[in-house]
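Right, one structure below, let's go through it.
Computed from the coordinates by the stated procedures, all read-outs in this text should not be read as laboratory data. On a predicted model such as this, the values are computed, not experimentally measured, just so you know. Backbone-built Cβ (ideal geometry, glycine too); neighbour counts: all protein chains shown.
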Amino acid sequence: MTAWVIGNWKLNPTSLLEVKTLAQQLVQNVYQAKLDDVQLMVAPSFVHLSAVQSELSHQEDTEPAILLASQDVSAMSADIGAYTGEVSANQLVDMDVDWVIVGHSERRQYFDEDNDLLLQKIRNAQAKELGVIFCIGESEADYQAEITEKVLAEQLQVIYSVFEQTSSDIKLIIAYEPVWAIGTGRVPSTSDVDSVHKFIRQQLANMDAKLQDVPIIYGGSVKPDNAKAFSSLPSVNGVLVGGAALDADSFLAIAQSFVE
Ligand code: PEP
């Protein structure tokens with residue numbers, strides 16, 4: 001199975017020059033890294049999509065080693081409309097974006113994004129055939145209260161709703177990201193990650209047969225020195241990387257951990 005290594009650049013870096021340099025370093029070094037069966041993807045901020053797309057267009061192969069994702073998509077419209085500040089799925093497709101991140105914990109936390117809104121975002125992405133990286137994860141309080149599975153099952157209701165209302169295919173990746181592990185340097189034990197991924201796999205299997213091969217990736221403080229612990233678990237089909245994705249060498253080193 002292909003392993004997915006996805007970099008979420010969030011509100012970084014500061015300048016266009018830094019963005020271009022990072023994208024260039026990735027394009028220059030990705031083939032040397034010989035990342036067989038590893039699919040890379042980067043998610044810059046909206047304003048940098050065009051510059052990164054231009055750098056990624058210099059990739060040697062017709063099958064790109066590095067795909068382009070956005071960090072969000074409008075729930076309001078999949079096309080055009082009077083929605084100040086929004087970016088639609090159609091506009092993203094026009095920028096050669098392949099995938100969108102939906103439901104990142106920072107959007108749930110700071111922008112109050114709930115299941116209804118996330119469902120609409122997924123529908124809009126799906127309408128334009130964008131892939132969806134759907135993030136789920138428990139808070140520290142949920143973890144302490146041992147209600148991780150309950151929380152994840154509630155968050156996965158969005159995916160259930162998507163399939164309840166459509167029979168069409170959807171390109172989907174589930175990213176399990178414990179909120180308390182994001183940007184903190186703390187990571188769950190590999191046995192916890194393994195059992196949560198198996199739980200998610202079971203939930204997906206119960207929803208729809210089409211979901212049985214959906215990749216389930218882990219996110220939260222993944223670094224070059226701990227990536228192998230995750231890549232060695234068959235239940236982990238890749239990683240979503242924040243901080244360590246802002247350095248080309250460390251991002252590629254993480255990807256290398258997934259080469260069999
Ligand atoms: C993230 O925000 O998705 C993430 C995984 O961040 P970090 O790797 O910095 O913990």
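If you take all C-alpha pairs in the stretch 3-256, what percent of them are over 32 Å apart? Everything past 32 Å amounts to 17 percent. Note on Gln28 and Met76: with the Förster distance fixed at 30 Å, the Cβ-Cβ geometry gives a FRET efficiency of about 0.20. Taking the convex hull of the alpha carbon positions in the stretch 1-141 and averaging its projected area over all directions gives 9.8 nm². Extension gain for the segment Ala229 to Ala205, taken as residue separation times 0.36 nm less the Cα-Cα distance, is 6.1 nm to one decimal. Restricting the trypsin sites (Lys or Arg not before Pro) of the stretch 161-260 to loop positions (DSSP other than H, G, I, E, B) with no more than 13 neighbouring Cβ atoms within 10 Å leaves Arg186. Length available on full extension from Phe111 to Asp36: 0.36 nm per residue minus the Cα-Cα distance, which gives 23.2 nm. Among the GluC sites (Glu not before Pro) in the stretch 2-79, those placed in a DSSP loop whose Cβ has at most 13 other Cβ atoms within 10 Å are Glu60.
Using alpha-carbon pairs under 8 Å, 6+ residues apart, how would you state the relative contact order of the chain in percent?
Relative contact order here is 21 percent.
Extension gain for Asp96 to Phe46 (0.36 nm times residue separation, less C-alpha to C-alpha distance): 16.8 nm. Once you sort the root eigenvalues of the Cα gyration tensor of the stretch 118-260 as a ≥ b ≥ c, which label holds: rounded (a/c under 1.5), prolate (a/b larger than b/c) or oblate (the other case)? In terms of gyration-tensor shape, prolate. Modelled spin labels at Ser57 and Ser195, positioned 7 Å past Cα toward Cβ, are 5.0 nm from each other.
Among the lysines of the stretch 3-256, pairs at least eight places apart or on separate chains and with Cα atoms under 18 Å apart come to 8. Which longest run of the chain has no exposed loop site in it, a site being chymotrypsin sites (Phe, Trp or Tyr not before Pro) in a DSSP loop with at most 15 other beta carbons within 10 Å, and the site itself not part of the run? Counting only loop sites that pass the neighbour cut-off, the longest clear stretch is 112-260. Approximating the spin labels as points 7 Å out from Cα along Cα→Cβ, the Asp249-to-Glu149 distance works out to 4.4 nm.
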